[in-house]
Amino acid sequence: MVVRRFFVVAVALLLLMTLAPATLLGQDTVVCEAYNEAPELAEQVAAGTLPPIEERLPVNPRVVEPAEEIGQYGGAFYDLYDGGRLAEFRQFGYENLVRWNPAGDEVVPNIAESWEISDDATTYTFHLREGLKWSDGELFTADDILFWWEHVETNEEIYPTGPYAYFVVGGEPATVTKIDDLTVEFKFSRPHGLFLQLLSAPYGVRVTQFAEHYLSQFSKKLNPDGVAEMMAADGATEYGPWWIGRVGSYGHDAEYNDPARPSLQPWIPTEPFRGKERFSFVRNPYYFKIDSACNQLPYINERVFSLATDPEVALLKTLDGEDSLSNDGISTPTNRAVFFDNLETGNYRFVDAISSNFQTMRMHMKFNHPDAVQAEILQNKDFRIGLSHALDRQTIIDTVYIGQGIPFQDGPRPESPLYNEQLSTQYLEYNVDLANQHLDMVLPEKDAEGFRLRPDGERFTFTVLANQDFRPEWIDILQFYERYWEEVGVDTTIFPASNDIWRTRKDEPDIDAFVWVGENALGYQPFLDNNTFTPEFGDGWQVWANENYGLGYGDLGGASAVEPPAPLKRQYELYTLLTQAVTLDEQVAIFKELLQISADEFYSIGLSLPAGEYFVVRNDVRNVPEPLIRGWYYPGPGPVNFETFFIDQSAS
Amino acid sequence: MAEAQLPANMPATVEQASPDRGYVAASQWKLIWWKFRKHRLAMLGGIVTVMIYTVALFADFFAPYMPDQYASNFTYAPPQTLHLFKDGAFRPYVNGYKVEIDYNAGRRNFVVDPEVEYPVGLFVQGKPYKILGLVETNIRLIGPVNPDDPMYLLGADRLGQDVFSRTIYGARVSMTIGLVGVGLSLFFGILLGGISGYFGGWVDNVIQRLIEFLQSIPSIPLWIGLAAAIPVNIPPLQVYFLITIILSVLGWTGLARVVRGKFYALKAEDFVKAARLDGCSPLRVIFRHMVPSFLSHIIAVVTLAIPGMIIAETSLSFLGVGLRTPVVSWGVLLQEAQNIRAISTAPWLLWPGAGVVVAVLALNFLGDGLRDAADPYS
Amino acid sequence: MAQYIIKRLLYMIPTVIGISIVSFFVISLPPGDFVDRMVSERQQAGETITAEEEEGFRAIYGLDQPLPVQYFKWVSDVVLRGEFGYSFRWNRPVEELIWQRLALTFFLSLTTLAFIWIVAIPIGIYSAVRQYSLGDYVVTFLGFIGLATPSFLIALVLLYISFKYFGQSVGGLFSPQYIDAPWSIEKFLDLLSHLWIPMIILGTSGTASLIRTLRANLLDELRRPYVTTARTKGLPEYWLLIKYPLRHALNPFVSSLNHVFVGLVSGEAIVAIVLNLQTTGPLLLDALRTQDMYLAGSFILLLSLLTVIGTLFSDLLLAWVDPRIRFR
């Protein structure tokens, strides 16, 4: 009996020991006896012009599970490019140090194989992959990260105001140290709990973009004579603009223009593409990822880009099948009807998408209006409640958005774990009496025509600014708002402004409010922006927050600091605590408290939840998960692993 | 002595000419009219122009609906056929639509519903308005008998607004925006061209260089710069006037050159010398004596400048620096139609383009006819 | 004559300087500057840009300097070193950007001009010779249609038609497979199949004024005594037409050549935008809207220089062709 039990236990233990490594350590340890590569690469290996696959891949390549099935090598992926930043469409390639998983709820290893975070979240130590190589065959090491930090990110000629906000905490930049060839340490003076998520955002790619062995020639410090010569040849006088135009960092169109510059992306340029109407990027033979069947990724041979500067031309090209995955501004709900009509000729399909946006049109009041009387009215919550109840949101949704989307006030999307029901559903009822009731509490006096008067006897006017190039339908929607609000006695004026001038118009004293979309509200994205649920248009308060808590904001229009009311102060405090929180649970708890204050204060008036979003994908492209997520901090749809897409040759 | 040569088309005797006054004794304006009459296309252009301006002036009367009357359920509704007869009697009506939102196709589907009929009439009651801003009334030329019924003769736009009505209201803005601008151009053109041609010498030189200077500045940056400098809270109507002033800032130079040329030729004429000897001030000589002699020419040039303004207004709207929604002008309506969504699924949104074409052609032919007729002594 | 030329050349200098100052001023007239545009664009893409970063951008592009300083820096670069500065938007030398697009712009302008002349001259002649006939009305109508239709609308409609009913790849002058391919008959045919849209749109809007001018001048000439004389002498009608009146009637074409120069370089911006043609027009428009100071300023300087030279050239040509002017 005892012997039998011992035997069973022994076998169980043995089994456990063999299975443990695979299950406990997760994906990264698919054990491969041999790797497979694309036929074109195999030919080059056979011809001796390329080292064999084992030497090209790192010791532990990243294993990526395709969405549907193991793919076939071959084919081309078509893209449209608007002449600006090639890597702006966040579907180009996403090779940061760490990245989001496709669902957007976890940060997973990428270039870094693993990492440790100190208990107080001040020190992050990243372990790089041994044997990971640049596209020219040289090893990627900590030296490359150090080069980036010392000669690019902290270089005042390139970034006059210092390193990017992700790398700065409490006003102090990080200290980046090389521990050894494969280990890098980021040390901050204060806890930086959100660092990993920020590194997974688009700007985080800067860390892994600079190959020291090639780019040191463009550093003024390391190669002064060479740089002077090159600058003279290009006719440049300032180093900063010349470097941006010749080398480039994330966001500059030069970053992929130099075919000799080593890259870690799945596809690399073969020629300078600037000024060309059509060009290709080809497979990177040193790409460090494999699928679960030991095939080196990517499957697709090349990405072919065509120039389409005008959105209508881009639309026609997409209808024609010249775009394998539609661009953000092209597959809009408005254009769905056109895509529907051309499904057959274009040979593409609809793929549903979820936006990270939580609001189609979000109205922000100018809380720190220079006119004190106006500021007091705008800051009065009953004023905003009254306005909110006066809106028939469903009619607007039915007319402008063809019935897509539900009325939605503010706050993270319902899919997010941070969703706050009060914030999202309060004051949505279309009730004119209730609206008048609340407005009577703030502006009880009316003039002969029925318009409400300010406490000082003048007619109250409410001017709303809207960028009509960004979302043309806002002007239509605001015309509805104008009608509804005039019915409750608020004299409303819409000021549509073109893209070129709207930012400067915001600061004019006549503007009382402006509208924008509500963004970054899926998953835990709200953590990453310090301003999503605090007043967007309270410039004075923001300056105060900047001076007292070091929080950064854009567009302050030269305002001077105004002390915020207590709840808002608490929110600024909470946000600072959030950035210093170490565990996810702590972060969630702090943020929920912050959000509850937003719910109680009711800062912005909203319209509806964006819905009906989609992408258009050519029928020959497979391994595209559905739904795809759009966003910024989650640079959608980048995280869905473009390198695992493949072309089904039979469907082309 | 040889007999004087008569022009080929001159009648040999007075009786063969016009019966009432006689060709030789006819006034200048009469001659112009007779010559103009021969140009059939110009006559047609003139009639059409008058018609369009009438419609523009009384837009509220001709349009069935107000331009901003939306209908949630009829976004992008196709045009309805106007049936004129029912059971043998003249009883115009349009059929209703069965409307359904097709979420997959991203639009509303409209199926004509033969069982629903909306009677249509002439001189019906619609939303109230003021004729020429003075007299209040609510009679409209054509429309549904029940003002809440939908009647989309040219279809509906993205908010269910009637394209036919909006095209008519658009005419009001587009046809008149040219006039103010042209008027300003005319004034400056004659004034500066006249001074330049009359005085000659260094005055002429300075003005010519100024003209050359202004003509060398590309118009688009000037438009963009000036349009963007318009202050924030100006109502759309005033913005529209400012835009016309902007358009005319560069427009006067062409006219000035023509006027100057004419003045050089006229300066040597006897009647001008006589006026000067008589002691008339230069301005009086210019405006009282010289201008009338080529007034017809100026009228022709002006008539030809108006369509240029109309097209320029549409171009400015396209570039985003002209009139924009919610103002209703042809330029704005075309800009709203300037996308594949409109062209492929709602082509009726292009009807304002037809308005532009007809207006511009009519004005051009009219102007050509006037110019041909302007110099009746040739 | 030489004196006249020298005087005009001397006048050119202050004119061009004046234009450069005015243009620089006009470009910066709209509120804000290039960095505002850039930040606005990025905000639309979802980014948040802090006030500090904005200041950083301004520092890099020298936009934190007062306007006159920026102007002098640019002008001294142009005059002393012959360099036109870097574009903020493209981060490349201005000359490179403009040069890249010149070939296509010239090509389009020249083919359009050829189209205009080929269409306008016969119509103008016919219209003058058969005045007030039905044929006159018909061809005049056709010639004027292009003037009356807003070009951007027609461009988009034609683009859509060529996509939907001719199954053509839209945008640019070549289908994707021919862009980098070497020249061949197929490539040429492909070019034609794309070229017809811009040529028709740009051409038809230009024919009207030429028809009108030609007709008016020809009518004037045809009434002159020498024509009657020639006719009574028995010369055939068409010979009579071409030998003298037509040549005189073409005079105004010469004086309009200065517009040709400008058109050659700036192209028809609006149509090029809609049709995705990489000519200089859209580049200029874009530079103006984003207040890309050096690119826009250099462009305008170039254009005005060409206009002024063009005017001089056409005036000289006119003087040479028409002796009456020379003796004035």
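Some notes on this structure:
- Residues in segment A:550-582 that are within 29 Å of A:Glu106 (Cβ to Cβ) and at pLDDT 85 or above: A:Gln571, A:Tyr572, A:Glu573, A:Leu574, A:Tyr575, A:Thr576, A:Leu577, A:Leu578, A:Thr579, A:Gln580, A:Ala581.
- Any hit, segment C:149-156, residues being touching a Lys or Arg at 6+ places or on another chain (Cβ under 9 Å), at the interface with another protein chain (Cβ under 8 Å from one of its Cβ atoms) and surrounded by 20 or more Cβ atoms within 10 Å (Cβ to Cβ): no
- Selection of first residues in segment B:301-326 that are among the aromatic types (Phe, Trp, Tyr) and of second residues that are buried (at least 21 other Cβ atoms within 10 Å of the Cβ) and at pLDDT 85 or above, restricted to Cβ pairs under 8 Å at least 6 apart or on distinct chains, gives the following pairs, ordered by first then second residue: B:Phe318/B:Gly331; B:Phe318/B:Leu334; B:Phe318/B:Gln335; B:Phe318/B:Gln338; B:Phe318/C:Pro150; B:Phe318/C:Phe152.
- Selection status of C:Val69, closer than 21 Å to C:Gly281 by Cα, without any contact (Cβ under 8 Å) to a residue 24 or more places away in the chain and either in a helix (DSSP H, G or I) or over 30 Å from the mean Cα position of the chain (by Cα) (or both): no
- Residues in segment A:481-503 that are in contact with an Asp or Glu (Cβ under 6 Å, 6 or more places away or on another chain), surrounded by 20 or more Cβ atoms within 10 Å (Cβ to Cβ) and either within 9 Å of chain C (Cβ to nearest Cβ) or assigned to a loop (DSSP other than H, G, I, E, B) (or both): A:Ser498, A:Arg503.
- Qualifying residue in segment B:60-81 (condition: loosely packed, with under 13 Cβ neighbours inside 10 Å and hydrophobic (A, V, I, L, M, F, W, C)): no
- Pairs with Cβ under 7 Å, 6+ apart, first in segment A:291-309 and closer than 11 Å to A:Glu277 by Cα, second polar (S, T, N, Q) and surrounded by fewer than 24 Cβ atoms within 10 Å (Cβ to Cβ): A:Val304/A:Ser280
- Members of segment A:446-469 found to be more than 9 Å from chain B (Cβ to nearest Cβ) and touching a Phe, Trp or Tyr at 6+ places or on another chain (Cβ under 8 Å), listed by number: A:Phe451, A:Arg452, A:Leu453, A:Arg454, A:Arg459, A:Phe460, A:Phe462, A:Val464, A:Ala466, A:Asn467
- Residue, farthest from the chain's Cα centre (by Cα), within segment A:507-539, restricted to residues that are among the small types (Gly, Ala, Ser) and at pLDDT 90 or above: A:Ala513
The rows are residues; the columns are (1) more than 30 Å from B:Phe365 (Cα to Cα); (2) free of Cβ contacts under 8 Å to residues at least 12 places away in the same chain; (3) of a type in the set (Phe, Trp, Tyr).
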position	(1), (2), (3)
C:Phe163	yes, yes, yes
C:Gly172	yes, no, no
C:Ser175	yes, no, no
C:Ile179	yes, yes, no
C:Leu189	yes, yes, no
C:Pro198	no, no, no
C:Arg215	no, no, no
C:Leu218	no, no, no
C:Glu221	no, no, no
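- When restricted to residues that are part of a loop (DSSP other than H, G, I, E, B) and either of a type outside the set (Asp, Glu) or more than 12 Å from every other protein chain (Cβ to nearest Cβ) (or both), segment A:504-542 contains 16.
- Taken over segment A:581-611, residues that are over 20 Å from the mean Cα position of the chain (by Cα), in a loop (DSSP other than H, G, I, E, B) and either of a type outside the set (S, T, N, Q) or on the phi > 0 side of the Ramachandran plot (or both) amount to 6.
- Within segment A:612-652, tally of residues that are part of a loop (DSSP other than H, G, I, E, B) and surrounded by 24 or more Cβ atoms within 10 Å (Cβ to Cβ): 8
- Matching residues, segment A:229-249, being touching a helix residue (DSSP H, G or I) at 6+ places or on another chain (Cβ under 8 Å), within 25 Å of A:Pro639 (Cβ to Cβ) and within 11 Å of chain C (Cβ to nearest Cβ): none
- Among the residues of segment A:393-415, not a single one is assigned to a helix (DSSP H, G or I) and more than 14 Å from every other protein chain (Cβ to nearest Cβ).
Conditions tested, residue by residue: (1) surrounded by 22 or more Cβ atoms within 10 Å (Cβ to Cβ); (2) under 23 Å from the mean Cα position of the chain (by Cα); (3) facing another protein chain (nearest Cβ under 8 Å); (4) more than 25 Å from C:Gln177 (Cβ to Cβ).
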residue: A:Tyr256; (1), (2), (3), (4): yes, yes, no, no
residue: A:Pro259; (1), (2), (3), (4): no, no, no, no
residue: A:Leu264; (1), (2), (3), (4): yes, yes, no, yes
residue: A:Arg283; (1), (2), (3), (4): yes, no, no, no
residue: A:Leu307; (1), (2), (3), (4): yes, no, yes, no
residue: A:Leu316; (1), (2), (3), (4): yes, no, yes, no
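- Which listed residue is without any contact (Cβ under 8 Å) to a residue 12 or more places away in the chain and of a type in the set (A, V, I, L, M), from A:Val168, A:Val205: A:Val168
- Enumeration of residues in segment A:160-209 that are among the aliphatic types (A, V, I, L, M) and within 16 Å of A:Thr123 (Cα to Cα): A:Val168, A:Val169, A:Ala174, A:Val176, A:Ile179, A:Val184, A:Leu194, A:Leu196, A:Leu198, A:Leu199
- C:Gly62 vs. criteria at positive phi, free of Cβ contacts under 8 Å to residues at least 60 places away in the same chain and within 14 Å of chain A (Cβ to nearest Cβ): yes
- Any hit, segment C:180-203, residues being facing another protein chain (nearest Cβ under 9 Å) and touching a strand residue (DSSP E or B) at 6+ places or on another chain (Cβ under 6 Å): no
- With respect to (1) crowded, with 19+ Cβ neighbours inside 10 Å; (2) hydrophobic (A, V, I, L, M, F, W, C); (3) in contact with a strand residue (DSSP E or B) (Cβ under 7 Å, 6 or more places away or on another chain), the lone exception for A:Leu146 is condition (1).
- Answer from A:Ala435, A:Ala372, A:Ala390 - the residue that is away from chain B (no Cβ under 14 Å), among the small types (Gly, Ala, Ser) and surrounded by fewer than 16 Cβ atoms within 10 Å (Cβ to Cβ): A:Ala372
- Subset of segment A:334-376 (residues that are over 21 Å from A:Ile396 (Cα atoms), among the polar types (S, T, N, Q) and in contact with a helix residue (DSSP H, G or I) (Cβ under 9 Å, 6 or more places away or on another chain)): A:Asn342, A:Thr345, A:Asn347, A:Ser356, A:Asn368
- Exclusive hit being buried (at least 17 other Cβ atoms within 10 Å of the Cβ), farther than 23 Å from A:Leu315 by Cα, among the β-branched types (Val, Ile, Thr) and at pLDDT below 85, set C:Thr105, C:Thr111: C:Thr105
- Complete set of residues in segment B:341-357 that are at the interface with chain C (Cβ under 8 Å from one of its Cβ atoms), among the hydrophobic types (A, V, I, L, M, F, W, C) and surrounded by fewer than 24 Cβ atoms within 10 Å (Cβ to Cβ): B:Ile343, B:Leu350, B:Val357
- Yes/no for B:Thr303 being closer than 24 Å to B:Val173 by Cβ, of a type in the set (Ser, Thr, Tyr) and either at pLDDT 75 or above or within 20 Å of the chain's Cα centre (by Cα) (or both): yes
The values are calculated or read from the model by the stated rules, or taken from the named source; none is laboratory data. These numbers come from a predicted model, not from an experiment. Cβ sites come from the backbone with ideal geometry, for glycine too, and all protein chains shown count toward neighbours.
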